[in-house]
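The values are calculated or read from the model by the stated rules, or taken from the named source; none is laboratory data. Nothing here was measured: the structure is a model prediction, and the numbers come from that model. Positions of Cβ are backbone-derived with ideal geometry, glycine not excepted, and every protein chain shown enters the neighbour counts. We work out accessible area using only protein heavy atoms, side chains counted, and drop any ligands, DNA or RNA first. Shrake-Rupley method; radii C 1.70, N 1.55, O 1.52, S 1.80 Å.
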Amino acid sequence: MSQNKASTRAAATDEFDYVIVGAGSAGCVLANRLTASGEYSVLLLEAGPKDRNIWIHVPLGYGKLFKEKTVNWMYQTEPEPGLDGRSVFQPRGKVLGGSSSINGLLYVRGQHEDYDRWRQQGNTGWGYDDVLPFFKKAENQQRGADAFHGVGGPLPVSDTRHPDPLSDAFIAAAVETGLPFNPDFNGASQEGVGLYQTTTRRGRRASTAVAYLRTAQRQGHLRVETEALAQRILFEGRRAVGIEYRQNGITRQARARREVLVSSGAYNSPQLLQLSGVGPAELLRQHGIDMVLDAPGVGHDLQDHMQVRMVMRCAQKITLNDIVNHPLRKTMMALRYAAFRTGPLTIAAGTAGAFFKTHARLATPDIQIHFLPFSTDKMGEALHSYSGFSASVCQLRPESRGSLRIKSADPSVPPEIRINYLATETDRTANVEGLKILRRMLHAPALKPFVVDEVEPGAAVVSDEALLAYCRQRGSTVYHPTSTCRMGNDPLAVVDQQLRVRGIEGLRVVDASIMPDLVSGNTNAPVIMIAEKAAEMILRDAR
């Protein structure tokens, strides 16, 4: 046999108690908690590299990572009918820490009612009172412990380190329009306006790789393999017994004595299940994959948050645009960060935020605002040459659902992603009404000293029809895909309340894909909570 062919042969099989696929927001938590006692051995597989890119650890560095293919899957949706046939870019983390290494760093759990809704749907053990202890267990809250927050956990949650007059003015403007000030979106109530907290520690990003994995690696009992792309789950009958993965041109296998834990995210987890023969029968047949279980819900029910941004021209040269476009100010920004870990380089993907209802009949807010002291045509691209700031509308609980389906039996081929943004009247109306309310905030007295004019959508875009057309032209993702391996009891539910894949033994899914539906906020904090809760359930079953 030639040397080239020999290099692709399967290597010897290793054995562990648990094999985790995906070292992202959930996988790193699982690796930490399952090895903490020293009783169990764990293999953690990550398709991407180690988190050595310097921009991962600088909060504002997320702008540099949007199109960085070395740490980003850089997926694209299929043409979206509701967005004028545009394909929407979908960045996902492909690196230790997963999307927690490239995301916008905001710590927003969602509303109490989100989790109570999960429980009311039959998901016992997932109500707000059930999940709050796991949020607190994970957290090391800068402000200290209280009824809603914890200290001493691995995940630092911090206040802003960059006082910003524009963000303060936005908060004042929102209050002028009738919204209450809210110092804590993760406390008693979400409604109101205030400053976001972030997953940072002393001005540096705290991904789950930093917060959870580093400690686990020092403890032993954990092996981490990077640049290791999972090919398929190995089965004996309907029991998962291991993973086949490819690394450095060699196909390897790892056996799991206890369980295989899939934590590859809302796109890659259903993709791996389908590649392994767990998915819709007709899809598996189409690609010549031997069926282990006809599971039509795998890849079904995909949801995502959409955002529509408004851009304002600023009357004062105090925006990040002005700093980045001025060589001396840009240099001073870098030096300030290097010396003190403060300043604009600590900005997350939202400095101030707001949560409000578009209609009085609603019980809880249905819109989230991300305010930013800079502006750009697209996130990850150059900032505008003029002084500008922006704010985006995000509908919190969209009705629209889509799907994820493999395009090939080759694991390296990106899957087909269809989200179906703006597919329902509720979704279209919420986005239009949200823009109207945001516009009132951006033109309120507190912001008048800072506003020259409205660049996008512009003063001429006024009618509901014109605003909806703008949503279709400019709407994009807020990077929160969920629900493709949905938890539940109905025929399309993929996992049960213990996150075990229904109809399969020895296999769980632990990540955003198990959410029954989207939470009303950013998804990183809920995914970490899900992994904390899953780890406790896994360890309980092991004993």
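Summary of computed values
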| quantity | calculated |
| --- | --- |
| Residue list for segment 249-273, restricted to those being surrounded by 24 or more Cβ atoms within 10 Å (Cβ to Cβ) and closer than 16 Å to residue 483 by Cβ | 262, 263, 264, 265, 266, 268, 269, 270, 271, 273 |
| Filter pass, residue 333 being free of Cβ contacts under 8 Å to residues at least 40 places away in the same chain, open to solvent by less than 40 Å² (accessible area, probe 1.4 Å) and of a type in the set (A, V, I, L, M) | yes |
| Residues within segment 211-238 that are touching a Leu at 6+ places or on another chain (Cβ under 9 Å) and among the small types (Gly, Ala, Ser), tallied | 4 |
| Sole residue being surrounded by fewer than 16 Cβ atoms within 10 Å (Cβ to Cβ) and more than 22 Å from the chain's Cα centre (by Cα), chosen from 290, 322 | 290 |
| Neighbours by Cβ (under 6 Å, 6+ apart or cross-chain): first from segment 489-505, open to solvent by 60 Å² or more (accessible area, probe 1.4 Å); second of a type in the set (Lys, Arg) and at pLDDT 95 or above | 500/508; 505/239 |
| Where residue 62 falls short, out of the listed (1) assigned to a loop (DSSP other than H, G, I, E, B); (2) open to solvent by less than 20 Å² (accessible area, probe 1.4 Å) | (1) |
| In segment 206-237, the residues that are of a type outside the set (D, E, K, R), open to solvent by 40 Å² or more (accessible area, probe 1.4 Å) and assigned to a strand (DSSP E or B) | 229, 235 |
| Verdict on residue 411 being open to solvent by 10 Å² or more (accessible area, probe 1.4 Å) and either more than 17 Å from the chain's Cα centre (by Cα) or not β-branched (Val, Ile, Thr) (or both) | yes |
| Count - residues of segment 464-495 that are closer than 15 Å to residue 310 by Cβ and among the aromatic types (Phe, Trp, Tyr) | 1 |
| Enumeration of residues in segment 351-407 that are crowded, with 23+ Cβ neighbours inside 10 Å, assigned to a loop (DSSP other than H, G, I, E, B) and among the small types (Gly, Ala, Ser) | 375 |
| Any helices (runs of 4 or more DSSP H) falling wholly within segment 238-339 and containing at least 3 residues that are touching a strand residue (DSSP E or B) at 6+ places or on another chain (Cβ under 6 Å) and closer than 24 Å to residue 97 by Cα | 265-275 |
| Test for residue 438: is it in contact with an Asp or Glu (Cβ under 8 Å, 6 or more places away or on another chain), in contact (Cβ under 8 Å) with a residue 40 or more places away in the chain and closer than 25 Å to residue 353 by Cα | no |
| Any hit, segment 378-398, residues being out of contact with any helix residue (DSSP H, G or I) (no Cβ under 8 Å at 6 or more places or on another chain), among the charged types (D, E, K, R) and closer than 24 Å to residue 67 by Cα | yes |
| Condition check for residue 423: farther than 11 Å from residue 271 by Cβ and in contact (Cβ under 8 Å) with a residue 12 or more places away in the chain | yes |
| Qualifying residue in segment 471-485 (condition: part of a helix (DSSP H, G or I), polar (S, T, N, Q) and touching a strand residue (DSSP E or B) at 6+ places or on another chain (Cβ under 6 Å)) | no |
| Count of residues meeting criterion [open to solvent by 10 Å² or more (accessible area, probe 1.4 Å) and outside any helix (DSSP H, G or I)] in segment 25-45 | 7 |
| Conditions (1) over 23 Å from residue 266 (Cβ atoms); (2) assigned to a loop (DSSP other than H, G, I, E, B); (3) of a type outside the set (D, E, K, R); number of the one not met by residue 48 | (1) |
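One line per residue, one yes/no per condition, for (1) in contact with a strand residue (DSSP E or B) (Cβ under 6 Å, 6 or more places away or on another chain); (2) without any contact (Cβ under 8 Å) to a residue 40 or more places away in the chain; (3) not hydrophobic (A, V, I, L, M, F, W, C):
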residue	(1), (2), (3)
120	no, yes, yes
124	no, no, yes
134	no, no, no
164	no, no, yes
188	no, no, no
195	yes, no, no
